1. For the stretch 10-61 and the stretch 62-102, what is the centre-to-centre distance using only Cα atoms, to the nearest Å?
2. What figure in square angstrom, to the nearest 10, would you give for the accessible area of residue 71 with a 1.4 Å probe?
3. Computed from these coordinates, which is Cα extents along the principal axes in Å: (1) 47, 25, 25; (2) 74, 41, 18; (3) 173, 35, 31?
Amino acid sequence: MSHTAEPTEGEVTVMVETEVVDVDGDGVVDYVTEVVTTTVDVDGDGIADAIQQKITTVYDLDGDGVPDVVETTTITAADLDSDGELGEDEILIESELAVREDLVADEPAPE
């Protein structure tokens, strides 16, 4: 006797949180942080099989209203072996940093 499982529908959930901060009270935003969390339940069992969180922060260091630094960290985790747990080898963390070009000195970095 064979049994064929009916395909199940997965579910994707996306949540976005944003924080806008004026540290010094001058009315100019000093930094903005946005956190986007995505969970995917591939097999429809109600338990997330993959999770990704992307955290982006934009800083205005000199108060001119123009972004000076953008920092992004992405954390991705997936239950690749379907054991219901996230092991160290199933988690990836990536970071990027961008600085406005005119804020970077043209001098070579010290060795």
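1. The stretch 10-61 and the stretch 62-102 have Cα centres separated by 11 Å.
2. Solvent-accessible area, nearest 10 Å²: 70 Å².
3. (2)
The values are calculated or read from the model by the stated rules, or taken from the named source; none is laboratory data. A quick note: this is a predicted structure, and the numbers were derived from the prediction, not measured. Only protein heavy atoms, including side chains, enter the accessible area calculation; ligands, DNA and RNA are left aside. Shrake-Rupley method; radii C 1.70, N 1.55, O 1.52, S 1.80 Å.
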